[in-house]
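Below: the structure, in structure tokens.
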Amino acid sequence: MKHDNYVIDDMISAKAIAARVESMAETITKEFEGTEKLVVIGLLRGSFMFIADLVRELDLPVEVDFLETSSYGDSMESSREVKILKDLRGEIKNRDILVVEDIIDTGHTLHHVINLLKSRQPSRMLVCALLDKPTRREVKVTADIVGFEIEDKFVVGYGIDYAQRNRNLPYIGAVRFTD
């Protein structure tokens, strides 16, 4: 797909994403077997497609909540300053929670979110990320369940944007600038 000053090269197909989401959901279902209710916390905005597909595949009683953070704005580089734009509506103390992230890059956002949520004393917390770029990590943080490990490329699609564009692509694509 071509835009004014960049091209999006296919990276991970919609079919590959769907198969991996199904596999991840099976793992999560086993991990939280017997839970009274799993609180699935999506990190907005990038995770919205992933979380929708993931919760439909879970064979568990679930509650969905969202946390919106910002560290990028319209830039391709993280500011490393994490702001909470929308906090959870529900209580997570003594609850099982699954944090759902679209992509782990520098790790600053996820590190901040994990510390924030741990301070609220959930009984159990796992982190699930669709994409992981370990070569970009600046903070020691890992996800318990990862969909795809990718190389250091700026990606869009399947909920992930560049300047609020391309979230609607059904696949993950790498942005390549033409200027």
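Read-outs throughout are calculated quantities, based only on the coordinates presented, and are distinct from any laboratory measurement. Source: prediction; values computed, not measured. Positions of Cβ are generated from backbone atoms using ideal geometry, with glycine treated the same way; all protein chains shown enter the neighbour counts.
What the table shows:
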quantity	calculated
Structure-based [θ]222 nm, the chain - -39500 (n - 2.57) summed over DSSP H runs of at least 4, per residue, nearest 500	-7000 deg cm²/dmol
Simple label model, 7 Å out from Cα along Cβ direction - PHE154 to THR142, nm	3.0 nm
GLU33 versus ARG176: modelled label distance in nm, points set 7 Å from Cα along the beta carbon direction	4.5 nm
Integer Hz, Karplus 6.51/-1.76/1.60 couplings in order for the range 11-20, x for Gly and Pro	10, 10, 6, 4, 5, 5, 4, 4, 5, 6
Check: the range 27-67 dipole with +1 on Lys, Arg Cβ and -1 on Asp, Glu Cβ, in debye	180 debye
Cleavage-rule hits, trypsin sites (Lys or Arg not before Pro), the range 87-140, DSSP coil, Cβ neighbours within 10 Å at most 10	ARG89, LYS93, LYS140
Rounded, prolate or oblate (a/c below 1.5 giving rounded, otherwise prolate when a/b exceeds b/c) for the range 14-152 by Cα gyration tensor	oblate
Three-way shape label, the range 1-74, alpha-carbon gyration tensor, a/c 1.5	oblate
Inter-site label distance for ASN168 and ARG20 at 7 Å from Cα along Cβ, in nm	2.4 nm
Cα centroid of the range 30-46 to Cα centroid of the range 107-179, whole Å	17 Å
Simple Cβ-charge dipole of the range 14-152, Lys/Arg +1 and Asp/Glu -1, about Cα centre, in debye nearest 20	400 debye
Longest segment of the chain lacking GluC sites (Glu not before Pro) that sit in a DSSP loop with at most 16 other Cβ atoms within 10 Å	92-137
